[in-house]
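Below is one structure, written out as structure tokens, with a few remarks after it.
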Amino acid sequence: MEEEKYREILAEHKKILRNTDVENPTRLAICFAGIPCSGKTTIAKKLEQRYNAVRINSEDLGKVVKRTVGELPDGNSVQNDYQLHLLENWPFVNPVVIIDSGIERKYEKILEASRGHGLDLFVIRLDAYEDILRERIQKREGENAPAHFRSFDRWKREFDSFKNSVEVDFVLDTNGELDLEELYELLDKRLKD
């Protein structure tokens, strides 16, 4: 994608990002591996608030891309390219970013982009039972749930492949009530070092 398009998307994206001017002492990109409805956005919002981080939400970014460059046959590709470009050319004061989307398919590229800009990567893997995930998808998507269920097996394969090949910083069971105290303790320490 050409540089001009990145600038157009960034101009729109900046309007919805929070905490971009917060000074944090540690350069860190927090990201998630997890099947849809495993809790990525719920946890990302809590981390955004606790650490005054910049949260890049995939759904919000998709809307920005659509408004900026229009409907594209492969909008996800544009979105992913922009996200990588953003990490490689981080334009904000705040060096703590939360990538609020699953990174299973783009882990290597995110790792490379983050390291290229001096950001350490902190990966949180979210584990949940398939029946619970399907129930959450049904609740969230309603009549659109069948379209999501058609992708479920692919999501599970990608997640399992990631789970078996990448060592993560933290594993969180999201089957029941979320207990984030251990995660907070680890991130508190990491962000103060």
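The values are calculated or read from the model by the stated rules, or taken from the named source; none is laboratory data. Note that the structure is predicted; figures quoted are calculated from it, not measured. Note that each Cβ is placed from the backbone with ideal geometry, even for glycine, and that neighbours are counted across all protein chains shown. For accessibility, only protein heavy atoms count, side chains too; no ligands or nucleic acids. Shrake-Rupley method; radii C 1.70, N 1.55, O 1.52, S 1.80 Å.
Some points to look at:
- Only listed residue being in a helix (DSSP H, G or I) and out of contact with any strand residue (DSSP E or B) (no Cβ under 6 Å at 6 or more places or on another chain), chosen from W90, W155: W155
- Filter pass, V97 being open to solvent by less than 60 Å² (accessible area, probe 1.4 Å), more than 21 Å from F170 (Cβ to Cβ) and either touching a residue at least 12 places away in the same chain (Cβ under 8 Å) or in contact with a Lys or Arg (Cβ under 9 Å, 6 or more places away or on another chain) (or both): no
- Count of the range 36-67 residues, restricted to those that are in contact (Cβ under 8 Å) with a residue 60 or more places away in the chain, over 28 Å from E130 (Cβ atoms) and buried (at least 18 other Cβ atoms within 10 Å of the Cβ), is 1.
- Checked against (1) open to solvent by 30 Å² or more (accessible area, probe 1.4 Å); (2) closer than 17 Å to A44 by Cβ, L86 meets all criteria but (1).
- Any pair with Cβ under 6 angstrom, 6 or more apart, that starts in the range 1-27 at a residue that is more than 13 Å from Q79 (Cβ to Cβ) and ends at one that is hydroxyl-bearing (S, T, Y): E8/T68
- Those residues of the range 18-31 which are buried (at least 19 other Cβ atoms within 10 Å of the Cβ) and assigned to a loop (DSSP other than H, G, I, E, B), in sequence order: N19
- Within the range 149-186, restricting attention to residues that are over 22 Å from I137 (Cα atoms) and aromatic (F, W, Y), the residue that is nearest to the chain's Cα centre (by Cα) is F170.
- For the range 46-98, residues that are of a type in the set (K, R), within 20 Å of T26 (Cα to Cα) and under 16 Å from the mean Cα position of the chain (by Cα) total 2.
- Within the span defined as the range 129-143, one or more residues are modelled with pLDDT of 95 or more, part of a loop (DSSP other than H, G, I, E, B) and either open to solvent by 30 Å² or more (accessible area, probe 1.4 Å) or in contact with a Phe, Trp or Tyr (Cβ under 6 Å, 6 or more places away or on another chain) (or both).
- A count restricted to the range 144-157 and to residues that are under 30 Å from E88 (Cα atoms) and open to solvent by 50 Å² or more (accessible area, probe 1.4 Å) stands at 3.
- Long-range neighbours under 6 Å by Cβ, at least six apart or interchain, first residue without any contact (Cβ under 8 Å) to a residue 60 or more places away in the chain within the range 125-138, second assigned to a helix (DSSP H, G or I): Q138/A145
- Note on the range 111-155: residues that are more than 17 Å from S101 (Cβ to Cβ) and basic (K, R) amount to 4.
- Hits in the range 159-193 (condition: over 13 Å from L126 (Cα atoms), assigned to a helix (DSSP H, G or I), touching a residue at least 40 places away in the same chain (Cβ under 8 Å) and open to solvent by 50 Å² or more (accessible area, probe 1.4 Å)): S161, R190, K192
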